[in-house]
Amino acid sequence: MSGLRLGVNIDHVATLRQARYATMPESKNAEPDSLIAARICERAGAGGIVAHLRADRRHIQDRDIERLRQNIMTKLNLEMGNTAEIIDIALRIVPDEVCLVPEKREEVTTEGGLDVIAQRKELEPTIKRLHLAGIRVSLFIDPTLEQVDAAAELGVEMVELHTGKLANAFTEKIQKEELEQLRAAACAASESHLQVNAGHGINYKNIALICEIPGLTELNIGHSIISRAMWVGLEAAVKEMLAAMANYDG
Ligand code: PXP
């Protein structure tokens, strides 16, 4: 098995449930159940479960996070914006890890990395509070050396490199440039003793390219796995992704 860990983002299991406005995950007609999805992912070999509690609660609800916290066997990575309301929830539920992401209500999904340089003042106290609660902290950043340096200065344990631009690259040339950026950022982060994760837009096609990024510990993948699960089932979809990651040699 690969040394590269897979965190499965189960937001879109909740998206499907919310299509019927079933805001209480345990109510009678609330399906599919995000906790069952998490258990299947773990059984298939996922090393962690990722969920994004958005301010507008468009998919994951507070109760999902509580149930995941109480029941999963691996680790819970809570993606969240740096806002007072969500920080309070994180401090109450105490996930294993928090990944701080930028969040705008109008975006379809997280659209870029945090600007750690510009937001240093706002991030610093949040990181301190999360650390005091025993939560490991990751910053979701664009793959630039400046952002990596700024993250390292803030004393976080991890960065998650934003792979969305690579995933959306229209030409091979842009793809190659993005891969080079990611490679350089990953090397810089490793040299700064940061754990290096990557995520956003990773799918069964671009995973081979992603595996060319050195020094990775974890990939966090959601949309492609949940989509694939519709055709082959969730357990098989997770296993297929793990198989595609298996040859990673860092
Ligand atoms: N990592 C972060 C920080 C994200 O915000 C997201 C999307 O919620 C993901 C990973 C997963 O992205 P995708 O659903 O495109 O695999």
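The values are calculated or read from the model by the stated rules, or taken from the named source; none is laboratory data. A quick note: this is a predicted structure, and the numbers were derived from the prediction, not measured. Cβ atoms come from the backbone with ideal geometry, glycine included; neighbour counts cover every protein chain shown.
The listed residues are 54, 63, and the only one of them that is assigned to a helix (DSSP H, G or I) and farther than 18 Å from residue 227 by Cβ turns out to be 63.
Within segment 130-165, the set of residues being buried (at least 22 other Cβ atoms within 10 Å of the Cβ) and charged (D, E, K, R) comprises 160 only. Taking segment 77-165 as the region of interest, the helices (runs of 4 or more DSSP H) fully inside it that hold 3 or more residues being basic (Lys, Arg) are 120-132. For segment 165-177, the count of residues that are under 22 Å from residue 99 (Cα atoms), small (Gly, Ala, Ser) and within 16 Å of the ligand (Cβ to nearest atom) is nonzero.
For segment 205-230, the tally of residues that are more than 11 Å from the ligand (Cβ to nearest atom), surrounded by fewer than 22 Cβ atoms within 10 Å (Cβ to Cβ) and either over 30 Å from residue 16 (Cα atoms) or touching a residue at least 40 places away in the same chain (Cβ under 8 Å) (or both) stands at 6. Please indicate, with yes or no, whether at least one residue in segment 73-81 is within 11 Å of the ligand (Cβ to nearest atom), more than 13 Å from the chain's Cα centre (by Cα) and aliphatic (A, V, I, L, M). The answer is no, given that none of the residues of segment 73-81 is within 11 Å of the ligand (Cβ to nearest atom), more than 13 Å from the chain's Cα centre (by Cα) and aliphatic (A, V, I, L, M).
In segment 43-60, the count of residues that are within 13 Å of the ligand (Cβ to nearest atom), at pLDDT below 95 and out of contact with any strand residue (DSSP E or B) (no Cβ under 8 Å at 6 or more places or on another chain) is one or more.
Assess whether residue 66 counts as being away from the ligand (no atom under 13 Å from the Cβ), out of contact with any Ser or Thr (no Cβ under 8 Å at 6 or more places or on another chain) and modelled with pLDDT of 95 or more.
Values: away from the ligand (no atom under 13 Å from the Cβ): yes; out of contact with any Ser or Thr (no Cβ under 8 Å at 6 or more places or on another chain): yes; modelled with pLDDT of 95 or more: yes.
Taking the combined requirement at face value, the residue satisfies it.
The condition of being in contact (Cβ under 8 Å) with a residue 40 or more places away in the chain, away from the ligand (no atom under 16 Å from the Cβ) and of a type outside the set (Asp, Glu) holds for only one of 189, 184, that being 184. For segment 125-147, a residue qualifies if it is under 18 Å from residue 219 (Cβ atoms) and free of Cβ contacts under 8 Å to residues at least 60 places away in the same chain, and the qualifying residues are 136, 139, 141, 142, 143.
Yes/no per residue for (1) part of a loop (DSSP other than H, G, I, E, B); (2) closer than 18 Å to residue 229 by Cβ:
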residue	(1), (2)
7	no, yes
12	no, yes
20	yes, no
32	yes, yes
40	no, yes
43	no, yes
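Please count how many residues of segment 231-241 are surrounded by fewer than 19 Cβ atoms within 10 Å (Cβ to Cβ) and either within 15 Å of the ligand (Cβ to nearest atom) or not acidic (Asp, Glu) (or both). Before the answer, list the steps.
Within segment 231-241, the first condition is being surrounded by fewer than 19 Cβ atoms within 10 Å (Cβ to Cβ), and the residues that meet it are 231-233, 235-236, 239-240.
Adding the requirement that they be either within 15 Å of the ligand (Cβ to nearest atom) or not acidic (Asp, Glu) (or both) leaves 231-233, 236, 239-240.
Counting residues in segment 231-241 that are surrounded by fewer than 19 Cβ atoms within 10 Å (Cβ to Cβ) and either within 15 Å of the ligand (Cβ to nearest atom) or not acidic (Asp, Glu) (or both) gives 6.
Among the conditions (1) modelled with pLDDT of 95 or more; (2) out of contact with any helix residue (DSSP H, G or I) (no Cβ under 7 Å at 6 or more places or on another chain), the only one that residue 29 does not satisfy is (1).
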